[in-house]
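**Q** Pasting a structure here, questions to come.
The values are calculated or read from the model by the stated rules, or taken from the named source; none is laboratory data. Keep in mind that this is a model prediction, so the values were computed, not measured. All Cβ positions, even for glycine, are placed from backbone atoms using ideal geometry, and neighbour counts span all protein chains on display.
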Amino acid sequence: MGTFKKPEKHSNQTAMNQKLWKTKGVFLDLDGTLVDSTEAYLEAARIAFHATGKEPPKTNVMLEIPRRIERHLTIDDITCGDTKKFMQVYLKAYYSVTEEKTKLLPHVSETLQLLSEKAKLALITMRHCPSRIVQKELDYFGIAKYFTYVVTAMDTTKPKPSPEAIVQCVKALDVEMCECIIAGDSVNDIKAGKAAGARTVAVLSGLFQRDELIRENPDLVLPDVNTLPDFIE
């Protein structure tokens, strides 16, 4: 599994003293948690800026776009007012390049195997596409076999931070909410988990910074998902 930094817990209790959680269901985010989508975000932004007749800005500005989209914040200052056309091109481009540009984060396959031996797994993603498209990507990475259920934004009336997807997973996996964990790299993962009443784990492998995630008061903050099995019975 390799060597990882000691996980950090957001409380007075250290991660070393963290009690193991009795867990029946683990719900995982996709982008930034299991796969690195950075190059897909950047390529989609480049295509969209060129389509609107603009030079792509610096990398950090282009990566601000998916951060804001996830939180339903305006990107008008980045697109200079061409947001509607930009978004049409951006989203189409993003979904067309994900298979080529995304890559599995290190050691995730081994981690999913360990987690699947401890609990049932479900995937919750804010990607607005049919679940079969996500299943195809999971198959490509060889990790589809670990998931009992997959939910995309198209499977819900309200995506994260609404708890709707988590409630669906609880029913599909036939577990109790108090026995479940949601782990993800975004503020919406934590907000959704809190709203649902599940335990929440923030991972620092995606677009969001530690201080942003801590403000949502997750139960646990980890450097990446690979350390999560250490906290589950």
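**Q** Considering only the range 33-46, I want to know if a residue exists there that is more than 23 Å from TYR140 (Cα to Cα), surrounded by fewer than 19 Cβ atoms within 10 Å (Cβ to Cβ) and modelled with pLDDT of 95 or more.
**A** yes
**Q** How about the range 145-182: which of its residues are polar (S, T, N, Q) and touching a residue at least 60 places away in the same chain (Cβ under 8 Å)?
**A** The answer is none; no residue qualifies.
**Q** GLU110 - would you say it is exposed (fewer than 14 other Cβ atoms within 10 Å of the Cβ), without any contact (Cβ under 8 Å) to a residue 12 or more places away in the chain and assigned by TED's automatic domain parsing to the domain that holds LEU213?
**A** When the stated conditions are applied, GLU110 does not pass them.
**Q** Go through the range 199-225 and give me each residue that's of a type in the set (S, T, N, Q) and under 14 Å from the mean Cα position of the chain (by Cα).
**A** THR200, SER205, GLN209
**Q** Moving to a separate point now. For the range 19-52, give me the residue count where each residue is part of a helix (DSSP H, G or I), out of contact with any Leu (no Cβ under 9 Å at 6 or more places or on another chain) and among the β-branched types (Val, Ile, Thr).
**A** Summing the residues that are part of a helix (DSSP H, G or I), out of contact with any Leu (no Cβ under 9 Å at 6 or more places or on another chain) and among the β-branched types (Val, Ile, Thr) in the range 19-52 gives 1.
**Q** Any idea which residue in the range 183-217 is surrounded by the fewest Cβ atoms within 10 Å (Cβ to Cβ), counting only those that are over 24 Å from ILE65 (Cβ atoms) and not small (Gly, Ala, Ser)?
**A** Only one residue fits best here, namely ASN217.
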